[in-house]
Amino acid sequence: MQESLESLGYTVLDIADSAEGAIVKANELRPNLILMDIRLRGEMDGIQAAEQIWQNLQIPAIYLTGHSDKSTVERATLTSPFGYILKPIKEQELYVAIQTALNRYDHEQFLSSILRGMGDGVIVVDLQLTIKYLNQVAEALTGWRWDEAKGRMLTDVFKLVDEQTQIPTQNPIITALQQETTIYLGSRILLVARDGTSIPVADSATPVRNNSGVITGAVLVFRDDTQRRLTEERNLATERAQQLEIQVAELERLNQLKEDFLATTSHEMRTPLSNIKMAISVLENILDRQGMLNSNALSPSESVARYLTILREQCEQELNLVDNLLHMRMIDADVYPLELTSIQFQTWLPHVAEYFEERAGARQQIFQVSIPPNLPPLVTDLASLTEIVSELLNNACKYTPPDEQITVNVRVIDTTKSLVNEDAESGVLDNLQSYFQITISNSGVIIPKKEQSRIFEPFYRIPQSDRWQHGGTGLGLALVKKLVEYLQGTIEVTSSQGWTTFTVQLPLTLSK
């Protein structure tokens, strides 16, 4: 046999007469092909030796034997031999068998290298769902090595669960075999690896057919879907961000249109209202000089005075609404005019409170103002401060029941920050900041806790409240909050134990 092989141009590396010896020589010499007799010396036969060499070294074998009985052939076939030659052996048959085996081996190795080098995992099974092949990516994703997974059931190696419910889902290979067509895995499916970790996967399963078109198994191609999902989520986030930008731009455009509308409408409304108010004043003066407003008897003149009062009050209410709208728009646009003035609270506050004190007395309300005599001057915008205090006092007088109290308190709060010099033995006071705190409280009325955060919203009125009977637009407190913040201050409201308190804090000096 050796002489025949060498005459055909092959090199015989060695000859062994036992399965054990063949395995040892194969590990040492790593031949391209093994010619294996089935009957060998020792406990193992050639079929066992060829199977072990193929599993460990992937070296093909051709069986040379004089036995062609059915059982021997079936055993040999299970090992997928590259050839089967019956003795006596003819040289030409040997040459053809060797070349055919080597060509087949090269072709299979080429395909195997492609499968191993694929970026996707590949699993091949037979009709019984027994694993016949597993490439390197499939090994990495499933956690099973090829030599461990071979011969196992597919469901032992490739386990799928629903991402949301964690309930096992049917393997696409089973569906592909049942429907005899390609099946694609649905979205949001996780592969549970051997160590219990889960990764998102995308895959497809296709039946494998022989030359006659008969299905002999199926192949599953799958991949780690993590990166694609991350890219998809990033793209979705980018798309949402772009949509939000478009929405924000549209909202800004609509807001600008609203502001322009309010500005134009407010200016157009204010002029006729001012003229109406002036006309009412002139008419009152004329009627007063004619003595039509001072008659003690019940006459039409009494109705004239009442109607003039109604006209004046309604006109003033509408003017206040227009002015509030204009001021809020100017503050939002950061064009509200500020004129810094040094204000002495000891003289200014009593003058502002005088009107509201008379109003409270007429309503049987108790009105108290407490001002320390040594307050420093407050440098801020006089018109804005007057608007803030007047609106808060107006609300207090409007909503306080008879025999209840309205109190106004002013004090200065010093806030200090201590900076410790490492060379000094103690801290030093630095960055002294002083605030004016104006507190306006009234008893006999409570603002529900859930409503306290909303009373500064424009046009908001507390539902199921008797405040509706007092009229108003709900813009007063909204404007107060904007003015306080425009003056670099803060405003808070508390309401408990029968008292409602508005606390305004303003910096001692307004910084431009």
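Beta carbons closer than 6 Å, at least 6 apart along the sequence or on distinct chains, pair a first residue in the range 340-355 that is of a type outside the set (A, V, I, L, M) with a second that is surrounded by 11 or more Cβ atoms within 10 Å (Cβ to Cβ) and part of a helix (DSSP H, G or I) for Thr341/Leu382.
Looking for something touching a residue at least 40 places away in the same chain (Cβ under 8 Å), outside the structural domain of Met36 (by the TED database), part of a helix (DSSP H, G or I) and touching a Leu at 6+ places or on another chain (Cβ under 6 Å) - is there at least one such residue anywhere in the range 167-174? Within the range 167-174 (the criterion being touching a residue at least 40 places away in the same chain (Cβ under 8 Å), outside the structural domain of Met36 (by the TED database), part of a helix (DSSP H, G or I) and touching a Leu at 6+ places or on another chain (Cβ under 6 Å)), the answer is yes, since at least one residue qualifies.
Considering only the range 340-354, how many residues are in contact with a Ser or Thr (Cβ under 7 Å, 6 or more places away or on another chain) and closer than 19 Å to Glu391 by Cα? Here the count works out to 2. Say whether the condition of being open to solvent by 60 Å² or more (accessible area, probe 1.4 Å) and farther than 20 Å from Thr130 by Cα is met by at least one residue in the range 146-156. Taking every residue of the range 146-156 in turn, none turns out to be open to solvent by 60 Å² or more (accessible area, probe 1.4 Å) and farther than 20 Å from Thr130 by Cα.
When you scan the range 159-173, do you find a residue that is of a type in the set (A, V, I, L, M) and closer than 17 Å to Asp224 by Cα, even just one? Yes, some residue in the range 159-173 is of a type in the set (A, V, I, L, M) and closer than 17 Å to Asp224 by Cα.
Do you know which of the residues in the range 184-205 that are among the polar types (S, T, N, Q) and not in a strand (DSSP E or B) is modelled with the lowest pLDDT? Write out each step before concluding.
Of all residues in the range 184-205, those among the polar types (S, T, N, Q) come to 187, 197-198, 204.
Add one more test, that the residue is not in a strand (DSSP E or B), and what stays is 187, 197.
On the way: Ser187: 74, Thr197: 88.
Among those that are among the polar types (S, T, N, Q) and not in a strand (DSSP E or B), it is Ser187.
A single entry from Ile167, Ile183 fulfils the requirement of being of a type in the set (Val, Ile, Thr) and in contact with a helix residue (DSSP H, G or I) (Cβ under 9 Å, 6 or more places away or on another chain): Ile183. Across the range 346-367, a minimum of one residue is classified as of a type in the set (A, V, I, L, M, F, W, C) and either at pLDDT below 70 or assigned to a strand (DSSP E or B) (or both). Conditions: (1) in a strand (DSSP E or B); (2) touching a helix residue (DSSP H, G or I) at 6+ places or on another chain (Cβ under 9 Å). Val208 meets all but one. Number of the miss? Condition not satisfied by Val208: (2). Taking the numbered list (1) closer than 30 Å to Ser4 by Cα; (2) open to solvent by 50 Å² or more (accessible area, probe 1.4 Å); (3) part of a loop (DSSP other than H, G, I, E, B) in turn, Val96 passes all entries but (3).
Residues in the range 200-217 that are open to solvent by less than 40 Å² (accessible area, probe 1.4 Å) and touching a residue at least 12 places away in the same chain (Cβ under 8 Å): Pro200, Val201, Ala202, Asp203, Ser204, Ala205, Pro207, Ile215, Gly217.
Here Leu220 fits the description: crowded, with 17+ Cβ neighbours inside 10 Å and either of a type outside the set (S, T, N, Q) or assigned to a helix (DSSP H, G or I) (or both).
Listed here are the residues, each with its yes/no results for (1) in the same structural domain as Leu385 (by the TED database); (2) closer than 20 Å to Phe345 by Cβ; (3) at pLDDT 85 or above; (4) of a type in the set (Val, Ile, Thr).
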residue: Ser434; (1), (2), (3), (4): yes, yes, no, no
residue: Phe456; (1), (2), (3), (4): yes, no, no, no
residue: Ser465; (1), (2), (3), (4): yes, no, no, no
residue: Gly472; (1), (2), (3), (4): yes, no, no, no
residue: Glu485; (1), (2), (3), (4): yes, no, yes, no
residue: Gly498; (1), (2), (3), (4): yes, no, yes, no
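For the range 99-127, taking the residues that are of a type in the set (D, E, K, R) and open to solvent by 60 Å² or more (accessible area, probe 1.4 Å), the one that is modelled with the lowest pLDDT is identified as Arg116. Of all residues in the range 144-162, which are in a loop (DSSP other than H, G, I, E, B) and under 16 Å from Arg223 (Cβ atoms)? Scanning the range 144-162 gives a single hit, Phe158. The number of residues in the range 223-237 that are assigned to a helix (DSSP H, G or I) and open to solvent by 70 Å² or more (accessible area, probe 1.4 Å) comes to 8.
The values are calculated or read from the model by the stated rules, or taken from the named source; none is laboratory data. Quick caveat, the model's predicted, so the values are computed rather than measured. Cβ sites come from the backbone with ideal geometry, for glycine too, and all protein chains shown count toward neighbours. The protein model used for the area step is the full one, side chains on, heavy atoms only, and it has no ligands, DNA or RNA in it. Shrake-Rupley method; radii C 1.70, N 1.55, O 1.52, S 1.80 Å.
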